[in-house]
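No value in this document is a laboratory result; all are computed from the given coordinates. Computed from a predicted model, the values in this text were never measured in an experiment. Cβ sites come from the backbone with ideal geometry, for glycine too, and all protein chains shown count toward neighbours.
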Amino acid sequence: MAAPASTQTVDLIARFPGMVTADTRPGFTGFIVNKENLLEVAVAIRDEFGYDLLTAVTGVDYLAENKMEVVYHAFKTTGGAGLIFRVQVERVDPIEVPSLTGIWPGADFQEREAWDLLGIKFTGHPDLRRILMWEGYEGHPLRKDWKEAFYEEEVKPFKSRWPDGQHIYSEFKNPFRDNLNFPKDFDPEKYEPENEKDLYASLENHTLKGEGGLKTDQIVVNMGPHHPSTHGVLRVAVTLEGETIMGLKPVMGYLHRNHDKIGERNTYLQTIPYTDRLDYFNSMSNNFGYVTTVEKLMNIPVAERAEYIRVIMAELSRIQNHLIFIGMLMNDLGTMYTPSLYVFEERELILDIFEAVSGARMMCNYYRFGGVVRDIPDDILQRIKDLVVERIPAKTDEMERFLNDNEILVGRLKGVHLINAEDAIKYSITGPVLRAAGVPYDLRRADPYSIYDRFDFDVAVRYNGDMMDNYLIRFDEIRQSLRIIEQALKQIPQGPINSQKPAYQVRVPAGEAYGRIESPKGELAFYVVSNGKPNPYRYHVRPASFVNLTAIEHICRGAKIQDFVALLAMLDIVMGELDR
Amino acid sequence: MENEKLSLPNYNIPEDIQNVVAITTLDRLYNWGRRSSVWPLMFGLACCAIEMIAAQTARYDMARFGMEVMRPTPRQADMMLVSGTVTKKMLPAIIRLYNQMPEPKYVVAMGACASSGGPFKEGYNVVAGIDKFLPVDVYIPGCPPTPQALIAGMIKLQEKIDKQSIKTVRWYDKNKADSNYVPMPILGPDLIDVRRNAEYKKAAATQTTQESA
Ligand code: SF4
């Protein structure tokens, strides 16, 4: 297990006397910054102390203390533990906190999310609109005093189900006979929808203006949410001048399934299957991130054999994710279906292994606090070995041989700029996209978790930051993952697979934990606040896709519309994780 | 398979012209044509969509049953495979797509979410089942349904098509013509199903406390 992030190595208090105090609540670390001094302190954190990567921004509603808190997690791209700083404000509307988008543009979407779900106004934010729900939606759902239409009780298990066992349809309990909640005396006939005025106004504000010369009209095109190549239900509104993208705004939330809110009602154990459904290609990695975080809070060891099983599964998951990435990218570039049929063939073999160990192909629900749920029999280990030693390396080589020199592929990818290192860090991009821009930042090395420090592997890195590099780096990563699995298969010991006794209810001491892993798409992190009860007080997912997408506007402005789908494919987004 | 034979069994066609002549009813011909080319709308909502893709790849190959031609445009699709969680925000788009599909059209709810809201039912942005808005023909249980289950569901749909008659299907019934159109819901303070406006108004008037902050 990774050492708990120690943040006291940086002495912010001495640097900013009177503006910063240490967080002394039991189980919490980091600093509380005065709201008025936030910008000043943040600049120093970035420039003087070198925490250049702001990974997570989120809010917590402390209803009982009448406080709203915004928590920031900053890290160094050179590796090491992070710095947690937070701002606490009175919980009276309007709740205002200065926006950090000027210092880290990567805070953009995350601040919008905090506004949408918690109602925290970020002053100075250039485009503060709702992001997951639609404009006009009533209330801020993650506030502790906000109740959804199917609200039953504060926490699960609901008494009507257990121990009473008297379930009534939630529909019957709601006055609107459905999952609906309207304000008092609402008249639907008089209601006038906002019709996305805000979206188009903001698109117009953030559009580049033509440079005189030839006078052309700009047109606005909406792509999505039903668009075959947007990898799910993402919508983008683009302003075009000719073929050039002048402005672009992604619209998301079409798959917002209220993961955070449901997670706060669930017991700790109940959330594991929900994490499967975040990034549905990689349920194993999602499990990994979540259990690592809660284990951090619980402060329990992980069974030795389980550590190896976890690593093997997570890396297999990475391999199949990258394979799909390659197949889907080819689809987007126009080689309809053939390459993706091949990658799916390999993926099926990996899914077979998942099914054999966990019982499900996609939604594995396999990790548990302290270990995993079932052991791997030896014959499955042998099958994994055959796969990683023979089949997948051969197939990867074959794929590279067939695809990489293809003229069209090279023409479409080589030299088409995606993002450079400096911007990637500013926009909080993590994962392969950051590494393809030349920053060797891989959490398995930079902030090792689980047992990754025992393996010999290289951090895949490429330097051009163009699409070609972004494409090739996935092959590099597949090869490194294969290396890791091979070593893990050699080293895996016999023994128990869980350090804990199986239990429905785990005891989690009060405190907070921020656990992060290198998911195939980037940094997947969970922020969990516990108050010692069986349910988390605050449960937040920091998905890689969502934060990586923040840069899409920056990446695409000035690019050609034909390249848009490929550029988007490079970010490797998945909507389940993006919208949660 | 019995119902793939077009000729009615009670007519004796001489063997030498069996490949040339078929005697059948219009219904049977019509159904045979449709059941053998159910073109789904290329449309994925969530996790289930990935299994839908898997069902089309070499290992499961839905094409064996005549339903592999995914159409990106609703105007060419016969069937909408609702593969994933239906959220309130997405619903207007789904309804619009459905309305744009030409008849005959079918809806298949794939997975727990599309059938009932599934694991996310309690979520504030989730529609508890697409059947609250669209007429669903086949429900496929599972989270996600395996590709085999999906194919089994599709075969069920074919069986359903086989049993239909041109005389009774709703899209040729003059009196039911408007039943093929579903009015667009509106995104207001919450999702407004315009067919239930009066009901909402009444319930909102009796709402004692405003629960939302
Ligand atoms: S039924 Fe399960 S797999 Fe399908 S969309 Fe819903 S959560 Fe995802």
Mean Kyte-Doolittle of at least -1.0 plus a Cα span of 27 Å or more along the axis: flag which DSSP H helices in chain A meet both, please.
A:304-333, A:338-358, A:467-491
Cα-based Rg/(2.2 N^0.38 Å) for the range A:438-571, rounded to two decimals, is 1.36
Once you have the alpha carbon radius of gyration of the range A:293-367, what is it after dividing by 2.2 N^0.38 Å, with N set to its residue count?
1.40
Take the alpha carbon atoms of the range A:144-166, find their center, do the same for the range A:335-369, and report the distance between the two centers in whole angstrom.
35
Amide H neighbours of residue A:95 under 5 Å, at least 5 residues apart or on other chains, H built in the peptide plane: list them.
A:121
Does chain A come out rounded, prolate or oblate, given a ≥ b ≥ c as the square roots of the eigenvalues of its C-alpha gyration tensor, rounded meaning a/c under 1.5 and, failing that, prolate meaning a/b above b/c?
rounded
Applying the Karplus parametrisation 6.51 cos²θ - 1.76 cosθ + 1.60 with θ = phi - 60° to the phi angles of the range B:55-60, what ³J(HN,Hα) value in whole Hz is obtained for each residue in order, glycine and proline being reported as x?
5, 8, 7, 3, 5, 9
In cubic angstrom, how much convex hull volume per residue do the alpha carbon atoms of the range A:1-97 span?
111
Any of A:209/A:414; A:159/B:121; A:121/A:144 with alpha carbons more than 20 Å apart? Name them for me.
A:209/A:414
Looking at the square roots a ≥ b ≥ c of the eigenvalues of the Cα gyration tensor of the range A:465-513, which shape do they give, rounded for a/c under 1.5, prolate if a/b is larger than b/c, or oblate?
oblate
Cβ-placed point charges (K, R +1; D, E -1), dipole of chain A about Cα centre in debye, nearest 20:
1260
Take the Cα gyration tensor of the range A:56-120, multiply each eigenvalue by 5, square-root it, and list the three semi-axes largest first, rounded to whole angstrom.
23, 14, 9
Apply the Kirkwood formula to the range A:415-505: the hydrodynamic radius equals the inverse of the mean of 1/r over all pairs of different alpha-carbon atoms; give it in Å with one decimal.
15.1
Straight-line reach from residue A:76: which lysines have a Cα under 20 Å away, not including same-chain ones fewer than 8 places off?
A:426, A:521
Run through every distinct alpha carbon pair of the range A:259-579 and return the Kirkwood hydrodynamic radius in angstroms, one decimal place.
20.0
Using only Cα atoms and rounding to the nearest 10 degrees, what angle (0 to 90) does helix B:91-100 make with the longest principal axis of chain B?
30
In chain B, how does Rg compare with the Kirkwood Rh, expressed as the Rg/Rh ratio over alpha carbon atoms?
1.06
Of A:139, A:98, A:363, which is farthest on the positive side of the dipole of chain A, counting Cα position, with +1 on Lys and Arg Cβ, -1 on Asp and Glu Cβ, and the Cα centre as origin?
A:363
Residues in the range A:373-395 that a label on residue A:489 would reach, taking backbone N under 18 Å of a point 7 Å out along Cα→Cβ
A:376-395
Past 19 Å, Cα to Cα: identify those pairs from A:147/A:173; A:190/B:132; A:249/A:560; A:197/A:249; A:147/A:261, in the order given.
A:190/B:132
Across the range A:297-424, what fraction of all alpha-carbon pairs, as a whole percent, falls in each successive 5 Å bin from zero upward?
2, 9, 16, 18, 14, 12, 11, 9, 6, 2, 0
Three-way shape call for the range B:140-179 based on the alpha-carbon gyration tensor, with the a/c threshold at 1.5
oblate
Taking a straight Cα-to-Cα line shorter than 12 Å from residue B:89, and setting aside same-chain aspartates and glutamates fewer than 8 residues away, one finds A:135, A:579, B:190
